[in-house]
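Structure first, commentary second.
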Amino acid sequence: MTLDDTTAMQRAIAASRRALAAGNRPYGAVLLSPEGRLLHEACNRQETDADDTAHAELVLVREAQARLGRDALRGATVFASGEPCAMCAGAMFWAGVRRIVWAASNPLMAELLGGELLGGELLPARCADVLAGSRPPVLVEGPLLEREAAEVLRQARPAP
Ligand SMILES: [Zn+2]
């Protein structure tokens with residue numbers, strides 16, 4: 001199955017909804033081959049795994065490498081419902097991902113979730129800045145479907 005950008009991002013946002021429903025942070029990620037074939041989907045699992053590094057993109061890289069082999073990620077694209085953090089951007093680079101598309105920007109996530117839910121923790125580096133000058137280069141694009149992604153983020157906000 002090959003997916004266009006919008007459909008791939010819709011799936012990443014759907015994964016963010018599943019993450020939230022499972023009690024995790026509201027983030028999802030989808031892996032596409034260089035030809036646009038759907039390879040893998042992942043949800044944030046920080047709470048269910050009791051692992052602070054279990055961001056959706058990192059779960060995606062680990063699961064996809066284990067299931068498909070490391071070569072499968074070479075030249076691949078990741079669609080992330082939230083702009084990847086510095087940790088995930090680095091992990092995707094080292095795994096061979098060469099295009100990253102995100103929905104909700106880091107500043108928007110900080111605005112919507114930066115307070116109570118994250119205990120005030122913020123890592124403000126932008127994904128494109130983290131990967132700037134990388135060799136080989138990684139194409140970073142976004143926002144795509146930011147409003148749809150933000151709807152899920154808003155549901156994660158603690159009641160006032
Ligand atoms: Zn991350």
| task | Report yes if ALA156 is out of contact with any Asp or Glu (no Cβ under 9 Å at 6 or more places or on another chain), modelled with pLDDT of 95 or more and over 21 Å from ASP5 (Cβ atoms), otherwise no. | result | no
| When region 61-73 is examined, which residues are found to be touching a residue at least 12 places away in the same chain (Cβ under 8 Å), over 13 Å from PHE93 (Cα atoms) and hydrophobic (A, V, I, L, M, F, W, C)? | ALA64, LEU68, ALA72
| Can you find even one residue in region 60-72 that is open to solvent by 10 Å² or more (accessible area, probe 1.4 Å), within 13 Å of the ligand (Cβ to nearest atom) and in contact with a helix residue (DSSP H, G or I) (Cβ under 9 Å, 6 or more places away or on another chain)? | yes
| Wholly enclosed strands (runs of 3 or more DSSP E) of region 1-102 bearing at least 3 residues closer than 24 Å to ALA132 by Cα and touching a Lys or Arg at 6+ places or on another chain (Cβ under 8 Å) | 77-82
| query | near the ligand (Cβ under 9 Å from one of its atoms) and among the acidic types (Asp, Glu): does that describe GLU57? | reply | yes
| query | Tally time: how many residues in region 13-39 are away from the ligand (no atom under 16 Å from the Cβ) and crowded, with 21+ Cβ neighbours inside 10 Å? | reply | 2
| request: Assess whether MET92 counts as being touching a His at 6+ places or on another chain (Cβ under 9 Å) and under 23 Å from PRO136 (Cα atoms). | output: no
| Could you say whether any residue in region 74-86 is in contact (Cβ under 8 Å) with a residue 24 or more places away in the chain, within 10 Å of the ligand (Cβ to nearest atom) and aliphatic (A, V, I, L, M)? | yes
| When both residues are 6+ apart or on different chains and their Cβ atoms are under 8 Å apart, which pairs have a first residue that lies in region 121-146 and is under 12 Å from PHE93 (Cβ atoms), and a second that is open to solvent by 80 Å² or more (accessible area, probe 1.4 Å)? | LEU131/PRO137
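The values are calculated or read from the model by the stated rules, or taken from the named source; none is laboratory data. These numbers were taken from a predicted model, which means no experiment stands behind them. Heads up, the Cβs are rebuilt from the backbone with ideal geometry, glycines too, and the neighbour counts pull from every protein chain shown. To get the accessible areas, we keep the full protein, side chains included, count just its heavy atoms, and leave off ligands, DNA and RNA. Shrake-Rupley method; radii C 1.70, N 1.55, O 1.52, S 1.80 Å.
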